[in-house]
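Structure first, commentary second.
Read-outs throughout are calculated quantities, based only on the coordinates presented, and are distinct from any laboratory measurement. Please read all numbers here as calculations on a predicted model, not as lab measurements. So basically every Cβ, Gly included, is an ideal-geometry build from the backbone, and we count neighbours across all protein chains shown.
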Amino acid sequence: MTSWIDCGVMAWVEEERYREDETVLVYFKGTSLAAMAEGLSAQQRPPFAYGNDPAPGDWGVIVHHMFNRDDYDEIDYRELCPQGAELTVFVPNPCVAKAHGPKAYHYKDGQISSCIDYENPEYVGEYWPNKMAPLITAAGLDHQNETYEEQLTQLVCDHLGLPALDRNTITVGVCVANGGTRSVLFSGVRR
């Protein structure tokens, strides 16, 4: 199920179709939930929602705000992707005000392998690597189709073996760090 790409992860979790949701969904493998939470917190993006801590070799999920109050810089996810780790980062609403399409990024062993701009997903450039471009081109997705963003998200998820999100396994409002949990702005809710 990839309908979260249309409205943002938190809007999807809360079952609200139209809502400004500037959150980022990060799938991670080869690193722990605690390491991801600590790394995001160190970059001033403490996570506020996450899935279960994954078993070795499985994908986990964590959600954080795109920006914080004082910092509009992008996160360097390479720092969160040590040797042997893999990240897939989805930014459903990169700019709510300007209505730009989603973006997705794939990192492996600390390097970026694909940057997918949903407005031009086949694009490959010197500073915009996209190892998935041939796969996307071969799929022949119709940009005019109303489910285009979901189809492209499903293509990326299938290619990388990402599990479907499950509302019942997303915890909102607590952050795992330093081997324990600490409260953040919301009260903990298990959906």
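For the pair ARG167 and ASN145, a Förster radius of 35 Å applied to the C-beta separation gives a FRET efficiency near 0.85, rounded to the nearest 0.05.
Annotation: amide H of SER3 has no partner in the under-5 Å range at sequence separation 5 or more or interchain, hydrogens built in the peptide plane. Across segment 45-52, coupling constants 3J(HN,Hα) worked out from phi with the 6.51/-1.76/1.60 Karplus curve, θ = phi - 60°, read 10, x, x, 10, 8, 6, x, 5 Hz, and Gly and Pro carry x.
Each residue of segment 34-43 was assigned a 3J(HN,Hα) from its phi angle through the Karplus expression (A = 6.51, B = -1.76, C = 1.60, θ = phi - 60°), giving 5, 5, 5, 4, 5, x, 5, 4, 5, 9 Hz with x at Gly and Pro. Net charge of the neighbourhood of THR31, taken over other residues with C-beta under 14 Å away and scored Lys/Arg +1, Asp/Glu -1, is -3. Residue-wise HN-Hα couplings along segment 159-172, as the Karplus relation 6.51 cos²θ - 1.76 cosθ + 1.60 with θ = phi - 60° gives them from phi, are 4, 8, x, 7, x, 5, 6, 10, 3, 6, 10, 9, 9, 10 Hz; Gly and Pro carry x. LYS131: which aspartates and glutamates have alpha carbons under 14 Å from its alpha carbon, excluding same-chain residues fewer than 8 sequence positions away? In chain and number order, the partners are ASP117, GLU122.
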